[in-house]
Amino acid sequence: MEERNRCGILSRMGPGGNVRIDVERSILQSADEAAVAIRALLAGRKIYAINLISSPGSGKTTLIEALLARFEGKGGVAVVEGDIETEIDAERIRKHGVQVRQINTRSSCHIQPSRLLSVLREMDLSETRLLLVENVGNLVCPAEVSLGEDARVVLLSVTEGDEKPLKYPLVFKTSDLLVITKTDLLPYVTFDVERVRRAARAANPAVEIFEVSATTGAGMSALLDRIEALRATKR
Amino acid sequence: MHELGIANEILDAALSEADRHAAKKVTSIRLRVGVLRAIEPENLSFLFEHLARGTPADGARLEIVEEPIRVDCPECGLSEAHAFTFECPRCHGPNVSVTGGDALSILSLEIED
């Protein structure tokens, strides 16, 4: 015996037995609420936020360092580093003389928006125009959770293989920029750049794709110019 | 192990709904999960079972309704549920767009009142 009511609140399944409640509720609701709060905090201060996602060792921290060099003297950059353990990345960034906070996520494989929100509330963001958030290194969990960012940047190094967009489609679907890194190593690895471009475009037709090598500097200025231009859009 | 956080959110949501309806026990939870979420049902159920111990959702069954990806091709007009792909499964055109497959929600709960 089952009775569905139109609002879907209660349905009697049997006398004195079970009742079905129709809920239709997002599982990530509390995370989404924290992301909305972050977005509001950033909007009020006109801070442009970038969420950097990649496998471990693809070059997130290196890209942050290149951005710090680009903005040196112009000021206004703050960094939040996410890692399961250690302050290694924060110490590396601190040497550049910018405000940096480390989030150690311990058992969690990504930065939780509620955690980022409380860190941002502790930081002095009065001079900040650009916030760089380095997520925990993996292509799965960080993709699932919005941190209220303005742009999501996924990095893929050529040593990881060109099948990554097919294996981890969500992160490529939700990213605004795809940065293919370590292109100086292309002669030594099997990596079909065109294949990656096609797969990434299938996941997100609007994705902007950059090919860079921090070692040779190839492609870096185009990427940094683009990020500087994106930052300038938030006034 | 990314299922751990998700199992926790499911439990919180289920318990708050159960509380709202003054339920003694939650016996099953029906979920919609997109294939892009890369959730391993066995892993999710295992973690949920562990987290739910001693709560009104102790022993509740998780039923997962999978949400597929849709592939749309502007060249040949194909629009169908398909595995993630970067070319059209019919005409092999390179400009396909992939939609859906990212759902993550609770559809309904079964409770004992």
Completion exercise
Each label sits 7 Å from Cα toward the beta-carbon; between B:E80 and A:A229 the label points are separated, in nm, by 4.0 nm
Practice task
Decide, for segment B:3-112, between rounded, prolate and oblate: order the square roots of the alpha carbon gyration tensor eigenvalues as a ≥ b ≥ c, take rounded if a/c falls under 1.5, and otherwise choose prolate if a/b is larger than b/c, else oblate.
Solution key: prolate
Handout entry: Pairwise FRET efficiency - B:R90 versus B:D19, Cβ, R0 = 56 Å, nearest 0.05
Key = 0.70
Fill in the blank from the handout: Going fewest to most other Cβ atoms within 10 Å around each Cβ, A:K60, A:K234 line up as A:K234, A:K60
Handout entry: Shielding of B:82-89 by partner chains, average beta-carbon count, 10 Å
Key = 4
Exercise for the section: Quick one: check the C-alpha center-to-center distance for segment A:144-190 versus segment B:67-87, whole angstrom. Expected result: 22 Å
Completion exercise
Taking alpha-carbon centroids only, segment B:93-113 lies from segment A:66-138 a number of Å equal to 32 Å
Exercise for the section: Pull up the DSSP beta bridges for the protein assembly as shown and report the antiparallel fraction as a percent, rounded to 5. Expected result: 40 percent
Fill in the blank from the handout: Proxy exposure order for A:C109, B:C73 (fewest C-beta within 10 Å first) is A:C109, B:C73
Completion exercise
When A:M123, A:M220 are ranked with the fewest other C-beta atoms within 10 Å first, the list becomes A:M123, A:M220
Handout entry: A:D184/A:T86 FRET efficiency (R0 30 Å; Cβ-Cβ; nearest 0.05)
Key = 0.60
Exercise for the section: Place a +1 charge on the Cβ of each Lys and Arg in chain A and a -1 charge on the Cβ of each Asp and Glu, then give the dipole magnitude about the Cα centre in debye, rounded to the nearest 20. Expected result: 600 debye
Exercise for the section: Quick one: which residues, 5 or more positions from A:A49 or on another chain, have an amide H under 5 Å from its amide H? H modelled 1.01 Å from N in the peptide plane, none for Pro or chain starts. Expected result: A:L131, A:D150, A:A151
Exercise for the section: Return the percentage of antiparallel bridges among DSSP beta bridges fully within chain B, rounded to the nearest 5 %. Expected result: 65 percent
Exercise for the section: For A:K46, list the aspartates and glutamates whose Cα falls under 15 Å from its own Cα; do not include residues on the same chain fewer than 8 positions away. Expected result: A:D124, A:E127, A:E149, A:D150, A:E228
Practice task
Highest first, please rank the peptides B:16-27, A:126-137, A:62-73 by the mean number of other Cβ atoms sitting within 10 Å of their residues.
Solution key: A:126-137, A:62-73, B:16-27
Handout entry: Residue-averaged [θ]222 nm for the protein assembly as shown, counting only DSSP H segments that reach four residues, each worth -39500 (n - 2.57)
Key = -9500 deg cm²/dmol
Practice task
Of the options B:V71, B:H92, B:A57, report the single residue whose Cα projects farthest towards the positive end of the charge dipole of segment B:44-112 (beta-carbon charges: Lys, Arg +1; Asp, Glu -1).
Solution key: B:H92
Exercise for the section: Count the net charge of all other residues whose Cβ sits under 9 Å from the Cβ of A:F71, scoring Lys and Arg as +1 and Asp and Glu as -1. Expected result: +2
Practice task
Please give every one of the aspartates and glutamates within straight-line cross-link reach of A:K173, meaning a C-alpha to C-alpha distance under 13 Å, and leave out same-chain neighbours fewer than 8 residues apart.
Solution key: A:E144, A:E208, B:D102
Completion exercise
Once the dipole of the protein assembly as shown is set up from charges on Cβ (+1 Lys and Arg, -1 Asp and Glu), the residue from the list A:T128, A:A143, A:P205 lying farthest towards its positive end is A:T128
Fill in the blank from the handout: The lysines whose Cα lies under 16 Å from the Cα of A:K60, excluding any fewer than 8 residues away in the same chain, are A:K182
Completion exercise
Counting only residues 5 or more apart in sequence or on a different chain, those whose built amide H sits under 5 Å from that of A:N18 are A:M13
Exercise for the section: From other protein chains only, count the Cβ atoms within 10 Å of every residue's Cβ in B:32-43, then give the mean. Expected result: 3
Fill in the blank from the handout: Given the candidates A:I103, A:S114, A:T61, the one whose Cα lies deepest towards the positive end of the charge dipole of segment A:44-130, counting +1 at each Lys or Arg C-beta and -1 at each Asp or Glu C-beta, is A:S114
Practice task
Tell me which residues come under 5 Å, amide H to amide H, from A:Q102 once H is placed; ignore anything under 5 positions away on its chain.
Solution key: A:E81
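Rule-based calculations on the coordinates, nothing more; no lab input. As the structure is a prediction and not an experimental result, all values here were calculated from the model. All Cβ positions, glycine included, derive from the backbone under ideal geometry; neighbour counts span all protein chains shown.
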